[in-house]
Amino acid sequence: MVPPIPPMLARPVRELPEGDLSYEPKWDGFRCLAFAAPAGEVDLRSRNQRPLARYFPELVEALRALPRSAVLDGEIVVASARGFDFPALLARLHPSASRVARLSRETPAVYVAFDLLADGDEDLRPRPFRERRARLEALLAGARSPLRLTPATFDPSVARAWLERLGGAGIDGVVAKPLGLPYQAGRRSMLKVKRELTADCVVAGLRTFAGEPVVASLLLGLWDHTGALHHVGVVSSFPERERRALFASLGPLQAPLAGHPWERGFNLASGPTGRLAGAAGRWDPREMALDWTPLSPERVAEVAYDRLDALRFRHPARLVRWRPDREARSCTLDQLAGDAPEPPEAFGAR
């Protein structure tokens, strides 16, 4: 079996399904099919068939040590003291061979396997998932880090606990797999439930579409203990009919940049790209005077988000509701801090 093979996908559902299912954590990393051969060629392919082997030499070495050739489906993640570190994973995709070698030592990756397409010369794709899972467990019985077998359970209450307890460690949902399901490459045959968290944020600016009096996005902030307002992300998904009305309702809050909390910068935590989700360019307010409109930081919005990178929303957030009952100064970064289980707990909880 050789690449390219598209991975089997999952379609989103709102509620955790029940039935003849196996539940697994949904990892926050790079989806990767691993084509392994003992003491031979190892090919790692991303979801869109990008070759990844050159970026993760530690995984190539570990896959070469398997007792026989195999094709595995899994996720590449990077673990840190506070869970899994997606920005560090992004940084592993570097063109310099010397930097790749250094990062493989400083921020080593882990391959979390959750399916087996081939075992030796046997094609397992037509076989039911319960059999593929058993064969995967046998194949990885003696494997050690950086190869890991994903936890799995048949108990929906355990899966719900994963959603609640392991989110801070880099688990952004749960995948449900019918036990009789063959491996259907490229099809959305599995089910996934994603975590959604909320925070009450200060609306401290807005962006428009090419200067038109309609809201393209709202700029969100949270205060820290020193009184600095940190830009944590944006809200941009509004029905078209509401964008103009929202611009008009926020008009009285428009303020000059001078004296604004973001007059000299957005107080961004360091991140992999130096920009925020939804941002069009560099986030220096003095360079973006024509790109955003400061607002007096008085209005509070409850927003929903899925993931954080360095105390910033990775993706644009969703507006849940306005909070006229909430004082803007009470909206602090503490809302984003939570207990993050150590990666071994996330790997091993069952």
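Numbers at a glance
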| read-out | value |
| --- | --- |
| Test: residue in the stretch 272-281 that is at negative phi, modelled with pLDDT of 80 or more and not polar (S, T, N, Q) | no |
| Some residue of the stretch 130-151 being over 23 Å from Ala79 (Cα atoms), assigned to a loop (DSSP other than H, G, I, E, B) and of a type outside the set (Val, Ile, Thr) | no |
| Subset of the stretch 93-117 [surrounded by fewer than 20 Cβ atoms within 10 Å (Cβ to Cβ), of a type outside the set (Ser, Thr, Tyr) and farther than 17 Å from Arg144 by Cα] | Leu93, His94, Pro95, Ala97, Arg99, Val100, Ala101, Arg102, Glu106 |
| Residues (among the basic types (Lys, Arg) and either within 11 Å of Glu106 (Cβ to Cβ) or in contact with an Asp or Glu (Cβ under 6 Å, 6 or more places away or on another chain) (or both)) located in the stretch 77-93 | Arg92 |
| Flag for Tyr23 being touching a helix residue (DSSP H, G or I) at 6+ places or on another chain (Cβ under 8 Å), without any contact (Cβ under 8 Å) to a residue 60 or more places away in the chain and buried (at least 21 other Cβ atoms within 10 Å of the Cβ) | no |
| The lone exception for Phe84 - which of (1) touching a residue at least 40 places away in the same chain (Cβ under 8 Å); (2) surrounded by fewer than 20 Cβ atoms within 10 Å (Cβ to Cβ) it fails | (2) |
| Residue in the stretch 49-66 that is assigned to a strand (DSSP E or B), touching a helix residue (DSSP H, G or I) at 6+ places or on another chain (Cβ under 8 Å) and either surrounded by 13 or more Cβ atoms within 10 Å (Cβ to Cβ) or not acidic (Asp, Glu) (or both) present | no |
| Test for Gly19: is it in a loop (DSSP other than H, G, I, E, B) and within 23 Å of Glu131 (Cβ to Cβ) | yes |
| Tally, over the stretch 213-259, of residues that are on the phi < 0 side of the Ramachandran plot and assigned to a loop (DSSP other than H, G, I, E, B) | 14 |
| Single residue of Ala216, Ala185, Ala159 found to be assigned by TED's automatic domain parsing to the domain that holds Arg323, of a type outside the set (Ser, Thr, Tyr) and in contact with a strand residue (DSSP E or B) (Cβ under 9 Å, 6 or more places away or on another chain) | Ala216 |
| Among residues of the stretch 169-191, those that are assigned to a strand (DSSP E or B) and surrounded by 18 or more Cβ atoms within 10 Å (Cβ to Cβ), counted | 9 |
| Criterion: at pLDDT 95 or above and of a type outside the set (Lys, Arg) - qualifying residue of Ala337, Ala349, Ala328 | Ala328 |
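The values are calculated or read from the model by the stated rules, or taken from the named source; none is laboratory data. What you see is a predicted model; the values in this text were computed from it and never measured. All Cβ positions, glycine included, derive from the backbone under ideal geometry; neighbour counts span all protein chains shown.
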